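Down below is the structure, laid out as C-alpha cells.
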Amino acid sequence: VRKHSLRDGTYYIGNLGSGGPTTGFDNVYLEVLANSKIIVTANPAAWEGDFRLWEALLSGALVFVDRMAILDWMPHSFQHEKHLIMYDPMNQAEFENMLEYYVKNEAEAEAIGLRGYEHTLAHHMTTDRVSYILNNIESKLEL
C-alpha cells in the first residue's frame, strides 16, 4: 500500500465484519463492497471458488481473483480482462503491476467491473446453476 502511495481511507486490508455461515450478511461488509472500485479476493487453500467471489462480482467493482480451473469449466466462463482479472498468487510482481495499472486506469477498471457484474447477472445466478444441473440430468435420462 505504501509502495503505491495509496492514501489512508482509500483502501481496506484484512477481515471485515462479523458475518459467518449462520449469521447472515454484515452491514459493514456490504457497505465496503458497495463502495469499492477494486476488490482483490483469494480462494481458500486447496479450494476453488467461494461466496466472496460472487459477492465481489455482484458489487460491480473490478474483481481480482487468483487463477482457478473451475472458471474455465463453467458454462459462460469468465474471461480475463473482460469480466475480471485473474492473477497468479505465486507472482507478486505481476500482481502488483496489474493492480497499479488498474488503479491508474479507473475508466478501464470500471468497464471491466461493469461487464463482470452484467455477465454474472446474465449467466451465474442460482437459477442458472440449477437449470444447468437439471438440463444435464435430463439429457442423461433421454439416452
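Looking only at residues of the stretch 73-106 that are under 18 Å from Thr126 (Cα atoms) and not hydroxyl-bearing (Ser, Thr, Tyr), we find that the one that is least open to solvent (accessible area, probe 1.4 Å) is Phe78. For the stretch 115-130, a residue qualifies if it is exposed (fewer than 12 other Cβ atoms within 10 Å of the Cβ) and free of Cβ contacts under 8 Å to residues at least 24 places away in the same chain, and the qualifying residues are Thr126, Thr127, Val130.
Meeting the requirement of 1 or more residues that are in contact with a strand residue (DSSP E or B) (Cβ under 6 Å, 6 or more places away or on another chain), at negative phi and not hydroxyl-bearing (Ser, Thr, Tyr), the helices (runs of 4 or more DSSP H) wholly within the stretch 27-143 are 51-57, 92-104, 106-123.
Looking at Glu48, is it touching a helix residue (DSSP H, G or I) at 6+ places or on another chain (Cβ under 8 Å), of a type outside the set (Val, Ile, Thr) and closer than 30 Å to Asn136 by Cβ? Spelling it out, Glu48 is indeed touching a helix residue (DSSP H, G or I) at 6+ places or on another chain (Cβ under 8 Å), of a type outside the set (Val, Ile, Thr) and closer than 30 Å to Asn136 by Cβ. Look through Gly60, Gly24, Gly49 and report the one residue that is of a type in the set (Gly, Ala, Ser), modelled with pLDDT of 85 or more and open to solvent by less than 60 Å² (accessible area, probe 1.4 Å). Among Gly60, Gly24, Gly49, only Gly60 is of a type in the set (Gly, Ala, Ser), modelled with pLDDT of 85 or more and open to solvent by less than 60 Å² (accessible area, probe 1.4 Å).
Exactly one residue out of Ile133, Ile112, Ile39 is in contact with a Ser or Thr (Cβ under 7 Å, 6 or more places away or on another chain) and either open to solvent by 90 Å² or more (accessible area, probe 1.4 Å) or among the hydrophobic types (A, V, I, L, M, F, W, C) (or both), and it is Ile39.
The values are calculated or read from the model by the stated rules, or taken from the named source; none is laboratory data. Note that this is a predicted model, so its numbers are computed, not measured. We place every Cβ from the backbone using ideal geometry, glycine too, and count neighbours over all the protein chains shown. Note: accessible area is taken over every heavy atom of the protein model, side chains too, but ligands, DNA and RNA are not part of it. Shrake-Rupley method; radii C 1.70, N 1.55, O 1.52, S 1.80 Å.
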